[in-house]
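Visitor: Here it is, the structure, as structure tokens.
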Amino acid sequence: MIPVAIFAFLVGAVLAWAFRVWILVPITLLTTIAAFTIELALGADFSTVVGHSLLIGLAPQLGYGFGLFVRHTLLVLRSPPLPQSSASVAMLHKQHSVDQTR
């Protein structure tokens with residue numbers, strides 16, 4: 001079941017690039033039901049089946065979060081750097097206090 005969890009994680013990461021968060025509802029349900037059915041067909045114990053299916057259902061959600069993090073990181077790395085301000089905090093505070101006295 002580890003390869004299935006890795007695949008579900010990667011599917012979630014790919015879905016983060018093209019879909020909004022609502023895509024997680026059907027994908028999570030689909031992976032949970034599929035894992036539950038396959039584990040029962042293989043003859044596993046019921047508590048094991050429930051645990052594995054919940055973990056596999058959680059994998060696309062973790063992958064989606066990871067995909068959003070990677071997307072944000074790449075966006076930050078591609079953006080141009082902000083111009084550096086030469087004003088110090090003391091100078092800005094002095095300017096603000098002068099403006100209030102008028």
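The values are calculated or read from the model by the stated rules, or taken from the named source; none is laboratory data. Computed from a predicted model, the values in this text were never measured in an experiment. Quick reminder, even Gly has a Cβ in these numbers, built from the backbone with ideal geometry, and neighbours come from all protein chains shown.
Visitor: So the check is Cβ under 9 Å with 6+ separation or different chains; which pairs have a first residue in segment 8-28 that's within 12 Å of Val70 (Cα to Cα) and β-branched (Val, Ile, Thr) and a second one that's at pLDDT 90 or above and assigned to a helix (DSSP H, G or I)?
Guide: Taking only residues 6 or more apart or on different chains, the pairs are Val14/Gly63; Val14/Gly67.
Visitor: Right, something else. When you go through Ala16, Ala35 one by one, which is the residue that is in a helix (DSSP H, G or I), surrounded by 15 or more Cβ atoms within 10 Å (Cβ to Cβ) and either modelled with pLDDT of 95 or more or in contact with a Ser or Thr (Cβ under 8 Å, 6 or more places away or on another chain) (or both)?
Guide: Among Ala16, Ala35, only Ala35 is in a helix (DSSP H, G or I), surrounded by 15 or more Cβ atoms within 10 Å (Cβ to Cβ) and either modelled with pLDDT of 95 or more or in contact with a Ser or Thr (Cβ under 8 Å, 6 or more places away or on another chain) (or both).
Visitor: Here's a follow-up. Going residue by residue through segment 55-67, is there one that turns out to be in contact with a helix residue (DSSP H, G or I) (Cβ under 9 Å, 6 or more places away or on another chain) and exposed (fewer than 12 other Cβ atoms within 10 Å of the Cβ)?
Guide: Looking through segment 55-67, none of the residues is in contact with a helix residue (DSSP H, G or I) (Cβ under 9 Å, 6 or more places away or on another chain) and exposed (fewer than 12 other Cβ atoms within 10 Å of the Cβ).
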